[in-house]
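The values are calculated or read from the model by the stated rules, or taken from the named source; none is laboratory data. This one's a predicted model, so the numbers in the text were calculated from it and none came from an experiment. Here the Cβ positions follow ideal geometry from the backbone for every residue, glycine too, while neighbour counts run over all protein chains shown.
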Amino acid sequence: MHTSSISRHRFDHVKKVVSVAVAVGSVALMTAACSSKTSASTTSKISVAIASDLQTLDPAHCIETTSGEVINNTEEGLITIGQNNKVEPGIAKSWTKSADGKTYTFNIRKDAYWADGTPITAKTFVYSWQREVNPKTAAENAYRFSGIVNADAITSSKKDVSTLGVTADGNYKLVVKMDHPMATFEQMLGNAEFMPVEKKNG
C-alpha cells in the first residue's frame, strides 16, 4: 500500500482531518513523513467533508476527485500549491530551472522523514516516479509524466524504467530532465501522482 507523506512542515500551516471514518482509519494506519516536532498549541484543526467513499490512497491509481482531495490534503510533494495557484516549497526547499527550460534541480529538505524515521530523499522520488511510469504498475496517471525524458517510451514498454529522466545527485538533490520545456510542469508537481511513495511498501 502507498504510504502517506504527511509532513510537520505542512502541519505548521494546517492539519486537515477528513470526516469520513474509512478515510481517517486509512490515514491513521499509514506511515507519515515528518520533520520537527509540532506542539498541540501550534497545530490547528478543521474538518473537511468529502462527497463519496475513498477509493485509494495510492497516487498511481488516484483517478477520482475524493481520493485526489484526500491525498492532496494529507500528503506533501516536492512542491505545494498555495493561494492563487502559486507554487510553493514542499519537500523541495528550493529549485532551479535551466535557461533552456529542460533541466530542473530540486533541493530536498533534510528534515523530511517517514514516521518510522526513514529519511525522504531524492532517491525516494526517483523510485516513486519510476514506479508510476512502470507498465507493471498499470498507473492510470502514468501519462502525466509525458514530457520527462523517456517517460513515453517507458510507459509503452520500449525502454526500461531506469532510463526515466529523473536522477538523484546525492541524497538531497533531484535532477529532472525534460524532452522539451513545459510551462505547466511546476504546477503539475502539486498533483497526487507526483507524491512520494515509501519503497518498502510500494
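Touching a Lys or Arg at 6+ places or on another chain (Cβ under 8 Å) and among the aromatic types (Phe, Trp, Tyr): does that describe Tyr127?
yes
For the range 94-134, which positions are over 22 Å from Lys199 (Cα atoms) and of a type in the set (Lys, Arg)?
Within the range 94-134, Lys97, Lys102 meet the criteria.
Can you tell me which condition Gln83 does not meet? The list is (1) at pLDDT below 85; (2) under 19 Å from Ala168 (Cα atoms), and all the others hold.
(2)
Scan the range 91-100 residue by residue and report those that are at pLDDT 95 or above, more than 11 Å from Glu186 (Cα to Cα) and surrounded by 11 or more Cβ atoms within 10 Å (Cβ to Cβ).
Across the range 91-100, the qualifying residues are Ala92, Lys93, Ser98.
So Asn150 passes all but one of these: (1) within 25 Å of Glu88 (Cα to Cα); (2) surrounded by 20 or more Cβ atoms within 10 Å (Cβ to Cβ); (3) without any contact (Cβ under 8 Å) to a residue 60 or more places away in the chain. Which condition number does it fail?
(1)
What's the total number of residues in the range 101-152 that are touching a Gly at 6+ places or on another chain (Cβ under 9 Å), at pLDDT below 95 and within 20 Å of Thr184 (Cα to Cα)?
0
Does Glu193 fit the bill of being within 20 Å of Glu88 (Cβ to Cβ) and buried (at least 18 other Cβ atoms within 10 Å of the Cβ)?
yes
Out of Glu88, Glu76, which single residue is charged (D, E, K, R), at pLDDT below 95 and closer than 14 Å to Phe194 by Cβ?
Exactly one of Glu88, Glu76 is charged (D, E, K, R), at pLDDT below 95 and closer than 14 Å to Phe194 by Cβ, namely Glu76.
Taking the range 80-94 only, how many residues are under 14 Å from the mean Cα position of the chain (by Cα) and assigned to a helix (DSSP H, G or I)?
Qualifying residue count for the region: 0.
Go through (1) within 13 Å of the chain's Cα centre (by Cα); (2) over 14 Å from Glu76 (Cα atoms); (3) among the charged types (D, E, K, R) and name the single condition Lys136 misses.
Looking at each condition in turn, Lys136 falls short on (1).
Out of curiosity, is Lys177 in contact (Cβ under 8 Å) with a residue 12 or more places away in the chain, charged (D, E, K, R) and in contact with a Gly (Cβ under 9 Å, 6 or more places away or on another chain)?
yes
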